Amino acid sequence: MRNAKSELTLTRCPSARSSACTTTTRLSFQRLFRWNIGQKSRLIESLLLGIPLPSIFVFEKESGSWEPIDGLQRISTVLEFMGKLRDPDGGLAPPSILEGTKYLRSLRNAVWEASGLISEVPVAEQEQIPKTSCV
């Protein structure tokens, strides 16, 4: 077994637009997506604050595709926030909108990209998160 943390960041997800980062499968032994918006907001808060997250474990199949063993909720939360999470029918699930958290109250109505697909908050009230590029 190899540590693929840097490979996941640099190779499997070269950009937010990569199709390699748009699909998440749930294996039969994994629990359903159960996180509420508060939990999802706290995960994004942790990422923005630079708080280390637990490792994500994946199994590499013979085909070269990866199956998440542990970390599906975290992967799904990030993909959903970015508007890249696929629903069971293969379509894109609507992006999530965050709520203010204990340390980042400014996350209220924060989105990756403003979108009419987010029905809870009008586009004019959605606050887009600033993005930077890694070199």
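The values are calculated or read from the model by the stated rules, or taken from the named source; none is laboratory data. Please read these numbers as outputs of a predicted model, since none were measured by experiment. Ideal geometry is used to build each Cβ from the backbone, glycine not excepted, and the neighbour counts take in all protein chains shown.
The set of residues in the range 57-87 that are under 24 Å from T101 (Cα atoms) and free of Cβ contacts under 8 Å to residues at least 60 places away in the same chain comprises G71, L72, Q73, R74, I75, S76, T77, V78, L79, E80, F81, G83. Out of all the residues in the range 46-68, is one or more loosely packed, with under 11 Cβ neighbours inside 10 Å and not in a loop (DSSP other than H, G, I, E, B)? So far as the range 46-68 goes, yes, one or more of its residues are loosely packed, with under 11 Cβ neighbours inside 10 Å and not in a loop (DSSP other than H, G, I, E, B).
Selection within the range 52-85: residues that are of a type in the set (D, E, K, R) and over 11 Å from the mean Cα position of the chain (by Cα). The member of this set that is nearest to V111 (Cα to Cα) is D70. Of all residues assigned to the range 93-107, at least one qualifies as being small (G, A, S), closer than 20 Å to I129 by Cα, at pLDDT below 90 and surrounded by 16 or more Cβ atoms within 10 Å (Cβ to Cβ). Scan the range 109-127 for residues that are of a type in the set (S, T, N, Q) and either farther than 11 Å from P95 by Cβ or surrounded by fewer than 12 Cβ atoms within 10 Å (Cβ to Cβ) (or both) and jot them down. Within the range 109-127, N109, S119 meet the criteria. Which residue is nearest to T77 (Cα to Cα), if the candidates are limited to the range 89-101 and must be in a loop (DSSP other than H, G, I, E, B) and either of a type in the set (S, T, N, Q) or in contact with a Lys or Arg (Cβ under 8 Å, 6 or more places away or on another chain) (or both)? Only one residue fits best here, namely S96. For P95, the requirement of being under 21 Å from S119 (Cβ atoms) and free of Cβ contacts under 8 Å to residues at least 40 places away in the same chain is met.
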